[in-house]
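Working notes, structure below.
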Amino acid sequence: MEEQTLHILNECSSGCKMAIHSMQQVLEYVENEKLEQVIMAAERKHKEIAARTAKALTCYGEKGKKPGAAAETFAWLTTEMKMLIRDDSSQIAKIMTCNMGIQSIMEVLNENPEADRESKNIAGDLVKAEEHFADELKAFL
């Protein structure tokens, strides 16, 4: 049970960090005030979930999983290249939608049925936050 719980929490930790980093990266390109508000609200929600995740990990003596260096570098380069090609609200919305970790969180949830309720709740809240963010981004596509 503990191993499965830690697996979910570490995936949430990594996912939140990647999402927050991506949001911060594109904010410098945002010119649309409404899009900026949507991204900043999503960033705040992800930071809240990241804090809950860190608190839960602390109970197990863990600090959380960092995203892999290769994954972080690839995500950063991909975003920068796409923004060089086209830096409008639609492009930003597409990038943010593509960077969502819904699939990876759902896979980890399904692969770890014995994890504790708190870790499953945190993962579920992360999925909901990303789904809500994706829904809000549709207006900019």
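Evaluating Ala54 against the criteria (1) of a type in the set (A, V, I, L, M, F, W, C); (2) under 19 Å from Asp125 (Cβ atoms); (3) free of Cβ contacts under 8 Å to residues at least 24 places away in the same chain leaves one unmet condition, (3).
Name every residue in region 1-18 that is open to solvent by less than 10 Å² (accessible area, probe 1.4 Å) and among the hydrophobic types (A, V, I, L, M, F, W, C), in order of residue number. Correct list: Ile8, Leu9, Cys12, Cys16.
Hey, can you tell me all the residues within region 22-46 that are within 12 Å of the chain's Cα centre (by Cα) and surrounded by 14 or more Cβ atoms within 10 Å (Cβ to Cβ)? It would help to see each step written out before you state the result.
Going residue by residue through region 22-46, those that are within 12 Å of the chain's Cα centre (by Cα) are 22-24, 39, 42-46.
Residues satisfying the conditions are Ser22, Met23, Ile39, Ala42, Glu43, Lys45, His46.
Only residues that are open to solvent by 50 Å² or more (accessible area, probe 1.4 Å), closer than 19 Å to Ser14 by Cβ and assigned to a helix (DSSP H, G or I) were counted across region 98-141, and they come to 11. Within region 19-47, residues that are at pLDDT 95 or above sit with their Cβ atoms under 8 Å from residues that are loosely packed, with under 14 Cβ neighbours inside 10 Å and not aliphatic (A, V, I, L, M), at 6+ positions apart or across chains, in these pairs: Glu43/Gln24.
The values are calculated or read from the model by the stated rules, or taken from the named source; none is laboratory data. Just so it is clear, the structure is predicted and the values come from calculations on it, not from any experiment. Positions of Cβ are generated from backbone atoms using ideal geometry, with glycine treated the same way; all protein chains shown enter the neighbour counts. Heavy atoms of the whole protein, side chains included, go into the accessibility calculation; ligands, DNA and RNA do not. Shrake-Rupley method; radii C 1.70, N 1.55, O 1.52, S 1.80 Å.
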